[in-house]
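For reference, the structure is listed below as structure tokens.
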Amino acid sequence: MDIPYTVQPRPDTGVYNSKVGLWLFLASEVMLFGGLFSSYILLRVAAPPGTWPTGWLSVPLGTLNTIILASSAVTTLLAWAACKAKMFDRYKLYMGLTLMLALVFISIKGYEYYTKFTHYEVALKDGRFADGHLVSRDASGVVLKGRYVADRAELMNGRSPHAAAHEEIRIPTDQIKKIGNYRPAHNTFMAIYFTLTGLHGLHVLGGIVVFAYLWGPGSRMWKTEPERFTNRVEVAGLFWHFVDLVWIFLFPVLYLT
């Protein structure tokens, strides 16, 4: 049984079926991310002065990931153009580059998550706070590569000159009042950061699965139905451009403010 309008455009919409479906899906995605971005804005505006963190994320890593994702959007477009030009070898090259760039992006994001889960804040019984990356932890205490501060509010500004000063500090267990890493439950900022970037990361992983299929076993369709295969590449590319666009908003909102 042949499914109509998999290659030819529909008379009512002017585009083929899968593109109609994707635009409807992307409309729901806009509402999803729009609600999350709105939540971020409301939470930040409502936060008391001095309680919203700034400079907690690595701008160089975020910039690098922005360049990588933007480059992958270009290679995705070139892969589709290669299919339209009947240049299958070029398609394989550009789709392979897209897949590689996507894997690099998700690897860097995984490293950023790792740095947060190994970053600890320790409330001491004398009222001070210790903050830094975990070196070791046992029954006798913890060792951090970080700094002491007198007030937790000092930890909110990650761009202050003192924030870059790190030394190995050893904290005995009997001096620790409370200890926790920078997981989503750490504060509101970390919760919204992990929610937004985690959801975006799931979309990146979904794109990786699709690209790997189109580059590998799915590319066999090129020999039997090249036009339909080209449409599949185009639809996957449209999804990837949306993923790229979301990150273009995430980067300045989370990293630069």
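The values are calculated or read from the model by the stated rules, or taken from the named source; none is laboratory data. Worth saying up front: this structure is predicted, and the values here are computed from it rather than measured. Quick reminder, even Gly has a Cβ in these numbers, built from the backbone with ideal geometry, and neighbours come from all protein chains shown.
Some values worked out for this structure:
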item	result
Residues (in contact with a helix residue (DSSP H, G or I) (Cβ under 7 Å, 6 or more places away or on another chain) and of a type in the set (S, T, N, Q)) located in the range 220-257	230, 231
Residue match in the range 50-57 (condition: assigned by TED's automatic domain parsing to the domain that holds residue 203 and part of a helix (DSSP H, G or I))	no
Conditions (1) assigned by TED's automatic domain parsing to the domain that holds residue 236; (2) surrounded by fewer than 18 Cβ atoms within 10 Å (Cβ to Cβ); (3) within 30 Å of residue 256 (Cβ to Cβ); (4) of a type in the set (A, V, I, L, M, F, W, C); number of the one not met by residue 164	(1)
Residue that is over 28 Å from residue 133 (Cβ atoms) and assigned to a loop (DSSP other than H, G, I, E, B), where the choices are 45, 15, 30	15
Matching residues in the range 55-65 - criterion: being surrounded by fewer than 19 Cβ atoms within 10 Å (Cβ to Cβ) and of a type outside the set (Gly, Ala, Ser)	59, 60, 61, 63, 64
Residue identified as hydrophobic (A, V, I, L, M, F, W, C), surrounded by 11 or more Cβ atoms within 10 Å (Cβ to Cβ) and modelled with pLDDT under 90 among 22, 26, 36	22
Search result, residues across the range 45-84 that are without any contact (Cβ under 8 Å) to a residue 40 or more places away in the chain and over 28 Å from residue 232 (Cβ atoms)	45, 46, 48, 49, 60
Test: residue in the range 106-118 that is small (Gly, Ala, Ser), in the same structural domain as residue 230 (by TED's automatic domain parsing) and surrounded by fewer than 20 Cβ atoms within 10 Å (Cβ to Cβ)	yes
